[in-house]
Amino acid sequence: AEALKPLETRSTCCYCGVGCGVIIEHDGKQITGVRGDPEHPANFGRLCTKGSTLHLTVQPDSLAVRALYPELRTNRESQRARTDWNTALDHAADRFAQVIREHGPDAVAFYISGQLLTEDYYVFNKLAKGLIGTNNVDTNSRLCMSSAVVGYKQTLGADSPPACYDDLKDTQCLFITGSNTAFAHPILFRRIEDARAANPAMKMIVVDPRRTDTAEQADLHLALLPGTDIALYNAMLHVMLWEEWIKPDYIAAHTEGFEALRKVVREYTPAMAAGICGLDKKDIEKAAEWFATSGATMSMYCMGTNQSSHGTHNNAAIINMHLATAQIGKPGAGPFSLTGQPNAMGGREVGGLSNLLSGHRDLGNAEHRAEVARLWGVDSVPEKPGLSAVELFDAMAEGKVKAVWIACTNPAQSMPDQNLVHKALETCDFVVVQEAYRNTETARYADLLLPATSWGEKTGTVTNSERRISRVIQAVPAPGEARHDWDAAMDFARRLGNKLDNAQTGKLFPYANEEEIWNEHRESTRGRDLDITGLSYATLESQGPQQWPFPAGATRGKVRLYEDGIFPTASGKAKFVVTEHRETVEKADAQYPIRLTTGRLRDQWHGMSRTGTVARLYAHEAEPMVHMNAADMARRNLKDGDMVRVKSRRGEVVLRLLESASVRAGQAFMPMHWGRNAMSGLGTNALTIKAFDPYSKQPELKHAAVQIEKL
Ligand code: SF4
C-alpha cells in the first residue's frame with residue numbers, strides 16, 4: 001500500500017455499504033481532513049458528498065452534540081446527571097441482574113446497529129447469548145437487510161452475495177430494482193456510469209415506482225405500482241419460459257424445484273402483470289428479453305426490495321430469474337443485494353440477529369448451537385428464538401422486556417410506528433443508550449447515557465456489500481470520557497457476570513484489544529461459507545481489504561461465488577422458491593387514498609445525527625418535504641410550497657409540499673431522514689407501518705396509506 005504521511009491514517013467511510021476507503025488527515029489530536037483512499041478497491045480514491053465531508057462532522061464545535069461522559073438518572077422524575085463510568089456500569093449491572101433474577105433472561109434485550117464494527121457486534125452477541133442466556137439481541141440491520149439474508153438462504157443456501165463490484169465491467173444488462181443507487185450508493189453508481197461509458201451496448205433497467213435520479217438514466221424504467229414486484233418478476237420469468245430463453249441444462253444440473261415454480265408463473269402473463277403493476281406489457285416483455293438474453297445480467301437491489309411484508313419473496317423471485325437463465329456464477333452476472341449500512345454484513349457474520357449465531361450459523365440448528373457453545377466454552381446457547389426489532393419494541397410496550405441496552409442507533413426515529421416505539425421506551429423500566437451523540441430522539445429516553453467513540457476514534461473491521469473486509473483504524477483520541485462500544489459492553493458483562501455469580505465470565509470476556517476479539521470471530525468461521533481463517537489484521541493492513549471466503553492457505557479471497565455451479569445446500573443444488581403476488585399490508589382507500597413511499601436523499605444519512613451537523617449537506621435539500629404529483633395537487637387545490645398535514649392510521653406530521661413529476665398520481669414520497677425537530681410530529685416514521693415479512697421479520701417501511709391536506 002502507498003506509504004502515508006506521518007499524520008495520516010487509513011480507514012473507511014462510516015456511512016453506506018459501498019464501504020469506501022478513506023485517508024484521515026489529522027494532527028494527532030484533531031482530524032483536519034479526509035480524502036478517498038486511491039488504493040481501496042471499493043472506491044479507488046473517490047468519495048461522495050457525505051464521505052468527503054466526514055472531517056467536518058468531528059470538528060471542535062461538534063463536541064456540543066457529542067456525549068462526553070456518562071449521565072444517569074435513578075428515577076424518571078429527575079434529569080440525568082453526570083456520573084463516572086464505575087458508578088454507571090455498576091448501576092446498569094445491578095438493574096439488569098435484578099430483572100434477570102426476578103423475570104428471567106428474556107426480560108432483558110439489546111438493540112444494536114449495522115454501524116457498529118464487527119468486534120463490537122461480537123461482544124454484544126456473546127454477552128446476550130453466551131453470558132445472560134437470551135437471544136434478545138437484534139439490530140437495525142433487521143430494518144435493512146434481513147429479507148436479503150433469508151432470500152439468499154432459501155434459494156442459494158447461504159447468506160453470501162455471489163457477485164461483486166468488479167462484475168460491473170463485464171455486465172451486459174444491469175437490472176436495478178428497489179434501489180436509488182445514485183443517491184444511496186453514490187460511488188458505486190459512479191462505477192456503473194464508468195461501465196456504461198466503456199460499454200455503450202450495456203442495458204440498464206430500473207424498476208422503481210419513482211422516476212429517481214437512477215431511473216432517469218435507465219434505458220428502460222419500469223415505474224411499477226408500489227409493492228407489485230413479484231408480479232413483475234414472475235411475468236418476466238413467464239416470458240422467458242414462453243420464448244425459451246431459460247437454460248434447461250443449467251436448471252437440471254444445478255437447481256431443484258423448477259416444476260412447481262413453472263406451474264405458478266404460467267398464470268403470470270405479461271398482460272395480467274401489466275394490470276397489477278400499472279405497466280405496459282411490452283415493457284415487461286422487453287425487460288425479460290434483455291435480462292435473459294444478454295451475455296451477462298446482474299441485478300442490484302436494496303431497500304425497495306427488502307422493506308416489504310413480502311421482502312423475502314421479492315428477493316427470491318429475482319434470484320429465480322437468475323437461476324432459470326443461468327445468469328449467475330460467471331463474470332458480470334448474478335444477484336447482488338446492496339447493503340444499506342457500513343457493516344450490516346459484519347453483523348450478520350458474527351450472528352448479530354436474534355435468530356442467528358456466530359459464523360452464519362442458525363439458532364434453530366442444534367448442531368450449530370452446540371458448535372458455538374463449544375467455541376465459547378459455555379454449557380449451551382439458549383434455544384428459544386430472540387425477539388426481532390418490531391417484536392422487541394412491542395414486548396417493551398407490553399412490559400415484558402424490562403431493561404434494554406440500545407447501542408449506536410436511534411430507534412425513536414428510525415423504527416416504524418413511532419407512537420408505539422415511544423410508548424415502549426416510556427414503559428421499559430430501565431433504558432441504557434450507548435451513543436456518540438447526546439441529542440438523539442432515543443437519548444431523551446435514556447436512564448443511563450454512555451458516551452461512545454465514533455468515526456476516526458475507533459479500531460476494528462467492517463465488511464461491505466461485496467463481502468470485502470476492511471480495517472478501521474483509530475486516528476485521534478476519544479473525546480471526553482467516551483469509550484469504545486465493545487470495551488464498555490465487556491466491562492458491563494464482567495460486572496453483570498459477577499452479580500449473577502457466573503464463574504465463567506472472566507473466561508468469556510478475556511479481550512485486551514479488538515484484535516483478540518476478531519481472532520476469536522475468525523476461528524468461529526472455520527469451515528463455514530465465510531471462512532476467513534487465512535486472514536489476520538496484519539494481512540488486511542499489508543495486502544489491503546479482502547473478500548471472504550479466505551480460508552487458511554488461500555492467497556486471495558473469492559471474487560465471485562458459485563462459479564462451479566455447486567451451492568451450499570444439502571444437495572449442492574440451488575432451490576427455486578414459489579413466489580406469488582401479494583398486496584402490501586395497507587392499501588389505499590377512500591379515507592387514506594395516497595400510497596406513501598419513503599427513501600433516502602443524496603446528502604443525508606439515516607437520522608442525521610452526523611450529516612445534520614454539516615451546513616453544506618443541506619444545499620441539496622434544505623428541509624423535509626413531501627413529494628407529490630401535479631394532478632393530485634390540483635385535485636386538492638394544493639400549491640408547491642404549501643404546508644400540509646400528512647396523516648396515516650398511526651400518526652401525522654406537518655411539513656412542506658413539493659410538486660414533483662418523479663411521483664406518479666396517487667402516490668407520494670417522503671425522505672426518511674428527518675425526525676421531530678424538523679417536522680411537527682414524530683417525523684416520517686410516525687406514518688409508517690410495523691407489519692413485517694413472515695420469514696425475515698423485516699418491517700414494511702416502504703408502504704403506507706396516507707391522506708394529505710392543506711394546513
Ligand atoms: Fe461513504 Fe457510501 Fe459515499 Fe462511499 S458512497 S463515500 S461509503 S457514503
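Taking helices (runs of 4 or more DSSP H) as the structural unit, those lying wholly within region 304-391 and holding at least 3 residues that are outside the structural domain of Thr171 (by TED's automatic domain parsing) correspond to 344-349, 366-376.
Condition test on Pro70, is it under 30 Å from His185 (Cβ atoms), more than 10 Å from the ligand (Cβ to nearest atom), touching a strand residue (DSSP E or B) at 6+ places or on another chain (Cβ under 9 Å) and at pLDDT 95 or above? Quick ask: steps written out before the conclusion?
On the way: under 30 Å from His185 (Cβ atoms): no; more than 10 Å from the ligand (Cβ to nearest atom): yes; touching a strand residue (DSSP E or B) at 6+ places or on another chain (Cβ under 9 Å): yes; at pLDDT 95 or above: yes.
The answer is no for Pro70.
The single condition among (1) within 30 Å of Leu353 (Cβ to Cβ); (2) outside the structural domain of Asn498 (by TED's automatic domain parsing); (3) part of a loop (DSSP other than H, G, I, E, B) that Gly51 does not meet is (3).
So that you can scan it fast, the table gives a plain yes or no per residue for (1) assigned by TED's automatic domain parsing to the domain that holds Glu481; (2) part of a strand (DSSP E or B); (3) under 18 Å from Ala475 (Cβ atoms); (4) within 16 Å of the ligand (Cβ to nearest atom):
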position	(1), (2), (3), (4)
Ile23	no, yes, yes, yes
Ala42	no, no, no, yes
Gln79	yes, no, no, no
Arg101	yes, no, no, no
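Selection of strands (runs of 3 or more DSSP E) fully inside region 596-711 by the criterion of at least 2 residues being modelled with pLDDT of 95 or more and under 30 Å from Thr339 (Cα atoms) returns 625-628, 652-659, 667-671, 704-710. Might you let me know whether region 606-616 holds any residue that is more than 21 Å from Pro226 (Cβ to Cβ), buried (at least 19 other Cβ atoms within 10 Å of the Cβ) and among the aliphatic types (A, V, I, L, M)? Looking through region 606-616, at least one residue is more than 21 Å from Pro226 (Cβ to Cβ), buried (at least 19 other Cβ atoms within 10 Å of the Cβ) and among the aliphatic types (A, V, I, L, M).
Restricting the search to region 44-67, which residues are aliphatic (A, V, I, L, M), within 11 Å of the ligand (Cβ to nearest atom) and in contact with a helix residue (DSSP H, G or I) (Cβ under 9 Å, 6 or more places away or on another chain)?
Of region 44-67, the ones aliphatic (A, V, I, L, M) are 47, 54, 56, 58, 63-65, 67.
From what is left, the residues that are within 11 Å of the ligand (Cβ to nearest atom) are 47, 54.
Hit for region 44-67 is Leu47, nothing else.
The residues on offer are Tyr511, Tyr445, Tyr437, and the sole one that is more than 28 Å from Gly340 (Cα to Cα) and hydroxyl-bearing (Ser, Thr, Tyr) is Tyr511.
If only residues of region 573-592 that are touching a residue at least 60 places away in the same chain (Cβ under 8 Å) and either surrounded by fewer than 14 Cβ atoms within 10 Å (Cβ to Cβ) or polar (S, T, N, Q) (or both) are counted, the one that is farthest from Phe183 (Cα to Cα) is Gln591. Select from region 156-176 the residues that are part of a loop (DSSP other than H, G, I, E, B) and either more than 22 Å from Thr463 (Cβ to Cβ) or hydrophobic (A, V, I, L, M, F, W, C) (or both) and list them in ascending order. Of everything in region 156-176, those that are part of a loop (DSSP other than H, G, I, E, B) and either more than 22 Å from Thr463 (Cβ to Cβ) or hydrophobic (A, V, I, L, M, F, W, C) (or both) turn out to be Leu156, Ala158, Ala163, Cys164, Thr171, Gln172.
Give me the residue from region 7-21 that is surrounded by 24 or more Cβ atoms within 10 Å (Cβ to Cβ) and of a type in the set (Val, Ile, Thr) and, out of that set, nearest to the ligand (Cβ to nearest atom). If we take residues in region 7-21 being surrounded by 24 or more Cβ atoms within 10 Å (Cβ to Cβ) and of a type in the set (Val, Ile, Thr), then Val18 is nearest to the ligand (Cβ to nearest atom).
The residues on offer are Ile246, Ile176, Ile276, Ile230, and the sole one that is within 16 Å of the ligand (Cβ to nearest atom) and on the phi < 0 side of the Ramachandran plot is Ile176. Of everything in region 337-365 that is surrounded by fewer than 24 Cβ atoms within 10 Å (Cβ to Cβ) and either closer than 15 Å to Ala148 by Cβ or free of Cβ contacts under 8 Å to residues at least 12 places away in the same chain (or both), the residue that is nearest to the ligand (Cβ to nearest atom) is His360. Name the residues in region 131-189 that are free of Cβ contacts under 8 Å to residues at least 60 places away in the same chain and under 17 Å from Gly352 (Cα atoms), would you? Result: Lys153, single match.
For region 452-491: of the residues being part of a helix (DSSP H, G or I) and touching a residue at least 24 places away in the same chain (Cβ under 8 Å), which is nearest to the ligand (Cβ to nearest atom)? Per the stated criteria, the residue is Asp485. Among the numbered conditions (1) closer than 23 Å to Pro162 by Cβ; (2) polar (S, T, N, Q); (3) more than 27 Å from the chain's Cα centre (by Cα), the only one that Ser299 does not meet is (3).
Only one residue in Leu496, Leu530, Leu535 is touching a strand residue (DSSP E or B) at 6+ places or on another chain (Cβ under 8 Å), buried (at least 18 other Cβ atoms within 10 Å of the Cβ) and either of a type outside the set (Lys, Arg) or part of a loop (DSSP other than H, G, I, E, B) (or both), so which one is that? Step through it out loud before you land on a result.
Values: Leu496 fails: touching a strand residue (DSSP E or B) at 6+ places or on another chain (Cβ under 8 Å); Leu530 fails: touching a strand residue (DSSP E or B) at 6+ places or on another chain (Cβ under 8 Å).
When all the criteria are applied, what remains is Leu535.
Among the residues that make up region 652-664, is at least one of them under 29 Å from Ala452 (Cβ atoms), of a type in the set (A, V, I, L, M, F, W, C) and away from the ligand (no atom under 16 Å from the Cβ)? No, because not a single residue in region 652-664 is under 29 Å from Ala452 (Cβ atoms), of a type in the set (A, V, I, L, M, F, W, C) and away from the ligand (no atom under 16 Å from the Cβ).
Looking at this structure, is Pro38 more than 13 Å from the ligand (Cβ to nearest atom), outside the structural domain of Ala407 (by TED's automatic domain parsing), within 28 Å of Leu449 (Cα to Cα) and touching a residue at least 12 places away in the same chain (Cβ under 8 Å)?
Here the answer is no, as Pro38 does not meet what is asked.
The values are calculated or read from the model by the stated rules, or taken from the named source; none is laboratory data. Treat the numbers as computed from the prediction; the structure is a model and nothing was measured. Every residue, glycine among them, receives a Cβ derived from its backbone with ideal geometry; neighbour counts consider all protein chains shown.
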